[in-house]
1. Filtering segment 60-104 down to residues that are over 13 Å from the mean Cα position of the chain (by Cα) and surrounded by fewer than 12 Cβ atoms within 10 Å (Cβ to Cβ), which residue is nearest to LYS158 (Cα to Cα)?
2. Condition first: at pLDDT below 90 and crowded, with 17+ Cβ neighbours inside 10 Å. Now tell me which residues in segment 114-134 satisfy that.
3. Any residue at all in segment 7-18 that is exposed (fewer than 10 other Cβ atoms within 10 Å of the Cβ) and either not in a helix (DSSP H, G or I) or not aliphatic (A, V, I, L, M) (or both)?
4. Would you call LEU151 within 18 Å of the chain's Cα centre (by Cα), surrounded by fewer than 18 Cβ atoms within 10 Å (Cβ to Cβ) and at pLDDT 90 or above?
5. Could you list, in sequence order, the residues of segment 1-32 that are among the β-branched types (Val, Ile, Thr) and out of contact with any helix residue (DSSP H, G or I) (no Cβ under 7 Å at 6 or more places or on another chain)?
6. Considering only residues that are surrounded by fewer than 18 Cβ atoms within 10 Å (Cβ to Cβ) and touching a residue at least 24 places away in the same chain (Cβ under 8 Å), look in segment 36-54 and name the one that is nearest to SER142 (Cα to Cα).
Amino acid sequence: MASISRSKILYAIVIAALLVAVPEAILRIVQTGDPYLFTEHFFRDIFARLSGPGKMRFVVQPTVAIILGVGSGMKDAQAGCPPFLWALAFHPTHRRELLRSALISIRDLAAIAILLDLISQFLIFHQVRPGAALLVGPVLISLPYVLARALTNRVVRKGSRLKSTAHVG
């Protein structure tokens, strides 16, 4: 019998939690007409998450994402790839592979972020808004990862150029 990976178990838990929360969220939207996402209420709730249960995730998750981004940025620099954001915008030949490697690097962390957001919503607000969890969790991970990956690549490449010019002269 094939073993089930921890990642697959994590994804199954996240999907199950989202599926349980969706009907109530849809009912709430139908009853109130409030889509919640990007409303004043949504932004107030973001600040409430910063002080409620799970507030450490706003430090731990971006820190882990930065560490993963630094590792990916170093690999990019060693492979001679342009910085991540630059390559995404201006090098279509690298775009697919860069997006694939980024997704592989952060997919488990993003799933954990979504799950933690669902749990913190329930603990703080006694209700769950799956759309917000799908937005807030991945953004909390993606932005620090992308920035760390791009900056690390630039720093490593610049350091390599400086070392090579120092040896020549």
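The values are calculated or read from the model by the stated rules, or taken from the named source; none is laboratory data. Owing to the predicted nature of the structure, the values given are computational and were not obtained by experimental measurement. Virtual Cβ from ideal backbone geometry, glycine too; neighbours counted across all protein chains shown.
1. GLY80
2. Hits for segment 114-134 are LEU116, ASP117, SER120, GLN121.
3. The answer is no; no qualifying residue exists.
4. Spelling it out, LEU151 is indeed within 18 Å of the chain's Cα centre (by Cα), surrounded by fewer than 18 Cβ atoms within 10 Å (Cβ to Cβ) and at pLDDT 90 or above.
5. As a first pass, look at segment 1-32 and keep what is among the β-branched types (Val, Ile, Thr): 4, 9, 13-15, 20, 22, 26, 29-30, 32.
Across segment 1-32, the qualifying residues are ILE4, ILE9, ILE15, VAL20, ILE26, ILE29, VAL30, THR32.
6. Looking at the filtered set, the residue picked out is ILE46.
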